[in-house]
Amino acid sequence: MRLDLGSLVPALSGWTLCIDEPGCDCTVCVELPGWAGGLSESERRYLALFLAARSLLDYRLAAAMHVYMVKSKVALGPEALARALRDARVDSEIPRAVEEDSAYAWEAVLYKGILYAQQVLSLERPVLVRVVPPKDRVGRERLRALLEGRRVTVKGRTYRVGGLLKRLGGARVAPWVYLVPRRGLPELARHAKVEKLL
């Protein structure tokens, strides 16, 4: 099983986590203990992320673990994590960031990773914005079609073509008021004058 770490945290783009793969050619390889076979797939991924972060003491991996935990709504108890630390094996192309392996070093890495993960997760939170439309009617309709999309008829069949909001993962709340993920605000502001409501 492979996991692209760049999909969780942008700072890890190009890194791949391999879980229980023979002849591993990934950035980080984790061999889970035999008892982990009874866990669900999301719990196994979370456990592998924990083991990679704990082994390498890298805050970016701790951030990826936290982002995965929040998005997948999965967590394991401390007994399972401690047992996995004893039984699992982690190999990596990346050298350890910190040479000393103490509880204090792990806590520092974990909390720095959680802070970084909160910044990454805040980009996904929606923001309520109001778009100031142009005064002329043609400009208003062009902007509305760009943002909300339009209906297109091809050979007698009508299709709905999504606009910029659909691509950004936003939604229309009211006329000229939209709910947009924070990461999409710069692109929306490039096309229209935006006033942030929340």
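The accessible surface of the chain, taken with every protein chain in place and a 1.4 Å probe, is 52 percent carbon and sulfur. In the set [x] 142; [y] 164; [z] 178, which value of volume of the Cα convex hull per residue in Å³ was calculated from the structure you see? Of the labelled values, this structure produces [z]. Using θ = phi - 60° in the Karplus curve 6.51 cos²θ - 1.76 cosθ + 1.60, the 3J(HN,Hα) couplings for the stretch 154-161 round to 10, 6, x, 9, 9, 10, 9, 9 Hz; x is entered for Gly and Pro. Annotation: amide H of G163 within the under-5 Å range of G149, sequence separation 5 or more or interchain, hydrogens built in the peptide plane.
Cβ-Cβ distance of D4 and Q118, R₀ of 35 Å, FRET efficiency by 1/(1 + (r/R0)^6): the value works out to about 0.95. Solvent-accessible surface of the stretch 1-91, taken per residue with a 1.4 Å probe and all protein chains present: 44 Å².
Relative to the Cα centre, what is the charge dipole magnitude of the stretch 28-147, using +1 at the beta carbon of each Lys and Arg, -1 at the beta carbon of each Asp and Glu, and rounding to the nearest 20 debye?
Numbers: 18 positive and 15 negative charges, 227 e Å.
About 1080 debye.
Between S72 and T153, the FRET efficiency from the beta-carbon distance, with R0 = 41 Å, is close to 0.50. The string of couplings for the stretch 50-65 from the Karplus curve (6.51, -1.76, 1.60, θ = phi - 60°) is 4, 5, 5, 5, 5, 6, 8, 6, 10, 5, 5, 5, 5, 5, 4, 4 Hz, one whole number per residue in order, with x for Gly and Pro. Separation of the stretch 59-89 and the stretch 170-187, taken as the distance between their Cα centroids, equals 34 angstrom.
With protein chains left intact and a 1.4 Å probe, residues in the stretch 108-198 average 69 Å² of accessible area per residue.
In order along the stretch 4-11, phi translates into HN-Hα couplings of 7, 6, x, 6, 8, 9, x, 5 Hz, rounded to whole numbers, per the Karplus curve 6.51 cos²θ - 1.76 cosθ + 1.60 with θ = phi - 60° and x for Gly and Pro.
The values are calculated or read from the model by the stated rules, or taken from the named source; none is laboratory data. This structure is a prediction, so every number in the text was calculated from the model and none was measured. All Cβ positions, even for glycine, are placed from backbone atoms using ideal geometry, and neighbour counts span all protein chains on display. Remember, those area values only see protein heavy atoms, side chains included, never the ligands or the DNA or RNA. Shrake-Rupley method; radii C 1.70, N 1.55, O 1.52, S 1.80 Å.
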